[in-house]
Structures are given as C-alpha cells and as structure tokens.
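The values are calculated or read from the model by the stated rules, or taken from the named source; none is laboratory data. Predicted, not measured: the structure shown is a model, and the values here were computed from it. Don't worry about glycine lacking a Cβ; one is built from the backbone with ideal geometry, like all the others, and counts go over all protein chains shown.
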C-alpha cells in the first residue's frame, strides 16, 4: 500500500466520514487502522473518495492478492463477512457465492444484505418485521419477551449478549413476541448462577432466530439516519439462500403503521395477579395490608408492571384488550390501568378508546403506560404519530415539568403523542430530553394520567416507581371524595 490507512482516512475526512461511505461503524475503521489494511470489498468506494487507485490500496507485497496477515484475526474475518449490497439483488444464491463462513443473512427492504452466522431456531417466513435497535446493556431476556416488540426484529447495540443465560423468572410474558434478534458477537456462554440454560437453547425452544457477526454499529447508524424499515432474517439451508425472495418479502410487508397488534399479544381470558416485585435473592416483597381494586387492560402487559401495581397496593385483575367499558365497570374497580403494548395506537383505538372513554366518564381513576399512554391521549381528544427514530432501551432522560427533576428511564416505543393536538383540559407533564417528544400527560378535569416510558423498570432503571404510588394515592383521594359526598 503506497499510502497508509491513516493517510487515506484523513484524506477522506476522518473515521466517521469513511464509515458512512462504506456502511460500517467506526469500530470497524479502528480495526482497519490496527491491521493497517482496508478490506478489499471497500476498495472501490475508498478509491473513488480518496482519489487513489485500487492498486494503491493493496497491502505491500500482496501482489494484488490477499490482505496482510494482520487482518486475519477471527473478529476481523467476522467483520469482513458482512457484505452490503444496495439496489438490485440477485436471485437464489448458491453456496459458492455466499461469503465464506456465513450461515444467515439479514435483508433490508432497501436491498441491503448483511451476512453473518445464524443461531437460535431456523429462520422461517415469520422472521420478518420492522428492524429496530435497543441500547440496554442488560436485560436481553426481558427485552425479547416484552410484548411491545411484537412485529419487530431487535438489534442489540451492546455486543455481549447471552452472558447471563436464560431462566424462567426473567420472562416478561409467556411467549416471545419479537420476530428475531441481531447481535455483533457470537452468543456468550452463560456465566451466572441464575442461568437455567443458554440463550441459544432458550431461543431454539421458542422458535426465535438470530444472526451474529453483523456490524451492529453500522446497522444502528443506518436505522438512526434513514429511519425504520422492514427486514427479513434468513438462514442458509442446504447451502442456498434466496435473497431476492427475502427482499421481495421485506418490500411487501405493510409495516407497523395501521397495524393492531394488541389483539395478537393480549391474554385470552381474565385472571388475577398478586405477586409483588422481586427482592434479593429469590423472594418477592410482601404486599400492603390494604389493597385497591384495579382492572389492568392487557394490550401487551409486562409482568413487572403487574408486580409493581401489586407492590404499590393494588389487587389486580387483568382483562383482555377488547374488554368493553361495561365489562370493566362490572368488576367495580377503584382504578383502571392501561398497559404497554405493540403496534399503531390509532389502529388499537377502534375498540380501546370507547372503553377508556366509558371508564373516564364513570369517574374511575386511570393510569396508562406506553401504548396505554397513547390510547389515553386519543381518548382525551389528542392524536398520535410515528416517530422517525423510536426510543428503545435504558438510560433515556425524561424531565418532569412540574418538579424539574430528570428521571433516567427505560423506553420502548415507535409512536408518540402529538402535543399540539391535545385539548386545553390536558396538560403535558413529562418530555424527552433527547428529542423533546411527549413523555407524559394528565387531565385537568378527570383523575387520569399517563407516561410514555416504563416506570416498572425491568430490567431498569428504577427512578420512576413513584408513579405507581401516585396512582394509588389518586384512588385513595377519589374514594375519600366519594365517601365525603355520600
């Protein structure tokens, strides 16, 4: 190579610029610097951008052949396995044309193909959905079993996935609703005393496919800069993979807008919940002596939300998403909780809003989280919209406008409440410090409030548990006012 890798990177404009041009992350560029070589698949782009010839990019002494030995470590081989193609995609790819070692591919609707290693269950036609990313460093099992991820393929930005294995206690629902997962490194073997099995075995049992060896930083940047799009995860079978068919499936998938998924993930029938939150090492907190009767409408409820309600002092009855106002009120609730869930709130609103409106008109206190927050806003006269960049993962800062306090929150949503659409009798209570989108509302005339984020904090953080206590206090005040009036 007549010019050093460092010189070429500087000539193009720095690590971020060359990463953007080649569709990789800056971590990959760091490895190029370390290896003092650029992978051959990027030579045409780099040559055009830097004004050098492809011959100038070949390592010294290579004779136009392979890359230097320094570029042959397992990590770098895995990085170079990820090939990216835009535009037209050829049909079925035989074994000889699949990158060496690749056993799976993630195909995006824009024609991008990301090769890697398959794990978990074999990918089927169900492994299609909106590609998203989650920034949490812990809690991958809780994330995968969160019903709010229905219809989505999750990219984990944290590279070490699988290190605590899997166990029955950490499930947030009875089944996995996510369509698949994407990780950078091979699944880590479990090294935790609570592990009952490996993540790979857990995924196989639940029919969930995955792919590793993908440059998740580059994929995350693509989602961040270009917005969400459909992806299909396919595993190589008998040495072949029909990439064109996968792309066609991705293009034809309708997307989450207009999709009602609450009906898909909700419970089939009513049930009670009386378990409190976990307490170290393996017990749950005792419940208060006095409990308020709460009906929780399950649009895709996480179990830890139900635990938090119980711990705060609620006797919880969970009902399906399509339960009517009359059926809810027949249970004589002192409060109604609207759960989190997947899909487009405007689609779920067709049956949810009339039920919520009926509860509000009866004067029953209402508390909503995530999808429940969006549905409450719709019932109060507001509107929702799809975010250009969804909020998923931990460490999301939210400001409480009443106190000025900043809470570090866990979030998982691709839709948001349009603050400009809210009527005068509804006030904004919380905002995101990332993009100023709405994170909470409250009614000025009715006992009702909601937040967009997840105060149940599973896997964390736990700054916002006070909201469950606020809900119980609202029920106490409502009952006291009713007794006084009577």
* For residue 381, indicate whether it is modelled with pLDDT of 95 or more, touching a helix residue (DSSP H, G or I) at 6+ places or on another chain (Cβ under 6 Å) and part of a loop (DSSP other than H, G, I, E, B). => no
* Structure fact -> The residue that is modelled with the highest pLDDT, considering only those in the stretch 113-137 that are surrounded by 23 or more Cβ atoms within 10 Å (Cβ to Cβ) and assigned to a loop (DSSP other than H, G, I, E, B), is 127
* Asked: With respect to residue 405, is the statement that it is in contact with a strand residue (DSSP E or B) (Cβ under 8 Å, 6 or more places away or on another chain) and surrounded by 23 or more Cβ atoms within 10 Å (Cβ to Cβ) true?
  -> no
* Asked: How about the stretch 42-58: which of its residues are in a helix (DSSP H, G or I) and exposed (fewer than 15 other Cβ atoms within 10 Å of the Cβ)?
  -> 44, 48, 54, 55
* To do: For residues that are assigned to a helix (DSSP H, G or I) and either under 20 Å from the mean Cα position of the chain (by Cα) or touching a residue at least 12 places away in the same chain (Cβ under 8 Å) (or both), scanning just the stretch 440-469, find the one that is nearest to residue 426 (Cα to Cα).
  => 467
* **Single residue of 412, 444, 424, 395 found to be within 18 Å of residue 146 (Cβ to Cβ) and surrounded by fewer than 16 Cβ atoms within 10 Å (Cβ to Cβ)** => 395
* When you go through 269, 247, 332 one by one, which is the residue that is at pLDDT 95 or above and either under 26 Å from residue 144 (Cβ atoms) or in a strand (DSSP E or B) (or both)? -> 269
* Asked: Which one of these does residue 79 not meet: (1) under 30 Å from residue 165 (Cβ atoms); (2) buried (at least 17 other Cβ atoms within 10 Å of the Cβ); (3) modelled with pLDDT of 75 or more?
  -> (3)
* Among the numbered criteria (1) touching a residue at least 60 places away in the same chain (Cβ under 8 Å); (2) farther than 23 Å from residue 194 by Cα; (3) out of contact with any helix residue (DSSP H, G or I) (no Cβ under 6 Å at 6 or more places or on another chain), which single criterion is violated by residue 179? -> (1)
* Asked: Is it the case that some residue within the stretch 391-402 is more than 22 Å from residue 134 (Cβ to Cβ), in contact with a helix residue (DSSP H, G or I) (Cβ under 9 Å, 6 or more places away or on another chain) and assigned to a strand (DSSP E or B)?
  -> no
* Residue that is farthest from the chain's Cα centre (by Cα), among those in the stretch 272-305 that are within 22 Å of residue 345 (Cα to Cα) and either in a strand (DSSP E or B) or outside the structural domain of residue 356 (by TED's automatic domain parsing) (or both) -> 295
* Search result, residues across the stretch 175-198 that are closer than 16 Å to residue 145 by Cα and under 18 Å from the mean Cα position of the chain (by Cα) -> 175, 176, 177, 178, 179, 180, 181, 182
* Quick check, is residue 372 part of a helix (DSSP H, G or I), under 26 Å from residue 178 (Cα atoms), touching a strand residue (DSSP E or B) at 6+ places or on another chain (Cβ under 7 Å) and assigned by TED's automatic domain parsing to the domain that holds residue 473? -> yes
* Could you tell me whether any residue of the stretch 173-196 is in contact with a strand residue (DSSP E or B) (Cβ under 7 Å, 6 or more places away or on another chain), in a helix (DSSP H, G or I) and under 28 Å from residue 99 (Cβ atoms)? => no
